[in-house]
Amino acid sequence: MTTAVANPRLPRGLSTWLAIGAVFLLAGCAYIDRDGTADSLGRGAALTRSLVHTDTFVLTAFARRRGTASPLVVYIEGDGLAWLSRREISPDPTPIHPTALRLATLDPASDVLYLARPCQYTPLDLDRRCSPEYWTDKRYAEEVIAATNQAIDRFQAGRGVRLVGYSGGAAVAALVAARRTDVIDLRTVAGNLDHVTFNRHHNVSQLRGSLNAADVAGRLAATPQLHLIGGRDEVVVPQVVESYAARAGDRRCIEVLRVPLATHEDGWPEAWTSALAMTPRCRG
């Protein structure tokens, strides 16, 4: 069972210091300004930060919109700093290394949208719904998927959507794709596409309050997909993605590609430029 946080509604500033302090006292590293890192990345790629109010959560977004006829490319962040240790939940899930945001900054597409997960980056006083269950057991809950889908609708201009998800964001991307009719393709990076298989492999508790991307694999069988897995990734192991692909039944639209030198967090920006040149397609 997970251990509850003593006070899950700490102000963001205090919660950030507690989370980072616990991590970096162990690691011997200096303080990292997570908001500052995201803002710097966004500015460097002409991505404008905003808050998106949905029916359930206030999501932080970075977007570049040039109003062309191109599809909207949506990047969905991973689970972030969900845990401080195997038994201690983080009071602030904002990622230290926002991999999906880094990938978004490398995308030359005209219209790019990065979506943080619920409770990442958004000040807690603006999003009172936030509690640790939404970055632990309910990280892929119905209300999370609905909020992400609604946020995409705010930016979508009827030209189609291309979805990209990193780690746990891959599960969110797949679950969102299953309820939309305008998805052109789906790409995932080190994606936790079957959290039941993932948790069983790591011998940790199952996510009782979450939807599972593997359960919608069959509904996405006709959607062109490219799933990248790291050759040195010990977090999302190959059988997690393979379990999802097997659940699709027909694999003609699914390609799983191994990136030999990538771990779960490292190597993806270096590989992403080449990956962007690969257009997911269905094989005849």
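Here, each number is a calculation from the coordinates, and none is a lab measurement. Since the model is a prediction, treat every value here as computed from it, not as a measurement. As a convention, Cβ positions derive from the backbone with ideal geometry for all residues, glycine included, and neighbour counts pool all protein chains shown.
Annotations
- Dividing the alpha-carbon radius of gyration of the chain by the rule-of-thumb value 2.2 N^0.38 Å gives 0.94.
- Unit charges on C-beta of K, R, D, E only; dipole of the chain, Debye: 500
- Were the residues from LEU51 through ARG87 laid out at 0.36 nm apart, the gain over their Cα-Cα distance would be 9.8 nm.
- The dipole here belongs to the stretch 77-211: it is taken about the Cα centre, uses +1 on the Cβ of Lys and Arg and -1 on the Cβ of Asp and Glu, and is about 220 debye.
- Based on every Cα atom in the stretch 183-284, Rg and the maximum pairwise Cα distance Dmax equal 13.6, 40 Å.
- The order of CYS130, CYS119, CYS253, going from fewest to most other C-beta atoms within 10 Å of their C-beta, is CYS253, CYS130, CYS119.
- Exposure proxy ranking for GLU77, GLU255, GLU234, GLU270, based on other Cβ atoms within 10 angstrom of each Cβ and starting from the fewest, stands as GLU234, GLU270, GLU255, GLU77.
- Length available on full extension from VAL196 to ALA109: 0.36 nm per residue minus the Cα-Cα distance, which gives 27.9 nm.
- When each of LEU59, LEU226, LEU193 is scored by the number of other beta-carbon atoms lying within 10 Å, the sequence from fewest to most is LEU226, LEU59, LEU193.
- Distance in nm between pseudo-label sites at ASP39 and ARG128 (7 Å out along the Cβ direction from Cα): 2.7
- Cα pair count fraction exceeding 11 Å, expressed as % - the stretch 107-149: 70
- With each label modelled as a point 7 angstrom along the Cα→C-beta vector, the ARG219-ARG66 pair spans 3.4 nm.
- With each label modelled as a point 7 angstrom along the Cα→C-beta vector, the ARG208-CYS282 pair spans 4.0 nm.
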